[in-house]
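Please treat every number below as a calculation from the coordinates, not as lab data. Since we're looking at a predicted model, the values are computed, not measured. Reconstructed Cβ throughout: ideal geometry from the backbone, glycine too, with neighbour counts over all protein chains shown.
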Amino acid sequence: MRKVLLIFIDGFGLGENNGKINPLVRFNPSIFQWLIGSPLSVAATPAFNSKACLVATDAKLGIAGLPQSATGQTAIFTGVNASAVMGRHIQGFPGPSLAKIIAEHGVLSKLRNNGFRVTSANAYTPRYMELVKARKRRHSVTTLTILGAGLKLRSVPELEAGQALNQDITNEMLPIVDVNDIPVISPALAGRRLANLAKDHNFTMFEYFQTDRCGHKMDWDKAEIITAVLAEFLTAVYETSENELLVVVTSDHGNFEDLSVKTHTYNPVPTIIWGPECRSVAANIKDLTDISSAITRYLEG
Ligand SMILES: [Zn+2]
């Protein structure tokens, strides 16, 4: 059974090989040095080696202006160039037009309709559901993708059972949304839990967005913490995936990799892939719209 784990990191681009602006170069987490032989920057691409592949993935999609989340994520999770369809990059949360594209082309529903076992590892809190119900917040592209496939959102019981991850990886932020009594876990334990969950499914996705928030705040202290969390988390995913999972790490647009600006960037994003056939999968990914089709082709073998 083929199995794919997609780790989607919001606002995580491939920047300059310059530690003055790029925390991924300044802090140079060992996992990237180990996987690709150098810091994670545009200078490292493309890399095809025995441990992993790294390709620079275009997020501009042929449309002027800074790449944004709603259209970029729709491109990743549907394969449709949503920016071209809408005529611009759209930030934040999708409106009715993008929601329609997601409903028609969402990768989770396509895979599920073709008999694959699919899931999202993210836990949604009761607070989140209340805010959506009260129309105080809108679902993200990823959430619409999950719901569009008829899947139930994982929540607190799954978190307690080690069968889901909080968006921050370590559970530290849960008390902010009134979820108490869930222990803080190490990024390594979260990584093992995610990889083990992925071994029970054909396709598993996980979304992390603290990178985008940190980039908008240009917060170097937080960036150092995030870099360390991601390094430990991805290391554990790598060790637990044991060549059984094809792991794809990617993003919707740049931001975190340039803390000299508070906006998104025009940089490409990294697509880092390891596991069976990672070379041929990586070779097919040029821009955000190629990701879901590359994963689908791999699963269909
Ligand atoms: Zn953003």
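Averaging the Cα positions of each part gives two centres, and for the stretch 154-227 and the stretch 1-79 these lie 19 Å apart.
Sorting Arg138, Arg193 by the number of Cβ atoms found within 10 Å of their own Cβ, with the fewest placed first, yields Arg138, Arg193. Taking every C-alpha pair closer than 8 Å and separated by at least 6 residues, the mean separation divided by the residue count of the stretch 4-300 gives a relative contact order of 33 percent. For the stretch 94-111, 3J(HN,Hα) computed residue by residue from phi via the Karplus equation (6.51, -1.76, 1.60; θ = phi - 60°) reads x, x, x, 5, 5, 4, 5, 4, 5, 4, 7, 10, x, 5, 5, 5, 4, 5 Hz, glycine and proline entered as x. Pairs of Lys residues in the chain that lie 8 or more places apart, or on two chains, and have C-alpha atoms under 17 angstrom apart add up to 11.
A helix-only calculation puts the chain at -11500 deg cm²/dmol for mean residue ellipticity at 222 nm, using -39500 (n - 2.57) for each DSSP H run of at least four residues, averaged over all residues.
Sorted by mean Cβ packing within 10 Å, highest first, what order do the peptides 246-253, 12-19, 264-271, 121-128 take?
Details: 246-253: 26.5, 12-19: 21.6, 264-271: 24.8, 121-128: 19.6.
Going by the mean number of other Cβ atoms within 10 Å, highest first, we get 246-253, 264-271, 12-19, 121-128.
Under 5 Å between amide hydrogens, built in the peptide plane, is the criterion, and for Asp287 it picks out Asp58 among residues at least 5 positions away or on other chains. Among Asp290, Asp200, Asp168, the largest mean-square fluctuation in a Gaussian network model of the chain (Cα springs under 10 Å) belongs to Asp200. When you restrict to C-alpha pairs under 8 Å that are six or more residues apart and normalise by the size of the stretch 122-213, the relative contact order lands at 31 percent.
Taking amide hydrogens as placed 1.01 Å from N in the peptide plane, the amide H of Gly11 sits under 5 Å from those of Asp252, His253, each at least 5 positions away in sequence or on another chain.
Annotation: amide H-H contacts under 5 Å for Asn122 (H modelled 1.01 Å from N, sequence separation of 5 or more, or interchain): Leu165, Glu207. Here the 3J(HN,Hα) profile of the stretch 77-83, calculated from phi with Karplus coefficients 6.51, -1.76 and 1.60 at θ = phi - 60°, is 8, 10, x, 8, 6, 5, 4 Hz, Gly and Pro shown as x.
Coupling constants for the stretch 60-74 follow from the phi torsions by the Karplus curve (6.51 cos²θ - 1.76 cosθ + 1.60, θ = phi - 60°), and in residue order they are 7, 6, x, 10, 5, x, 5, x, 10, 5, 4, 6, x, 5, 4 Hz; glycine and proline get x.
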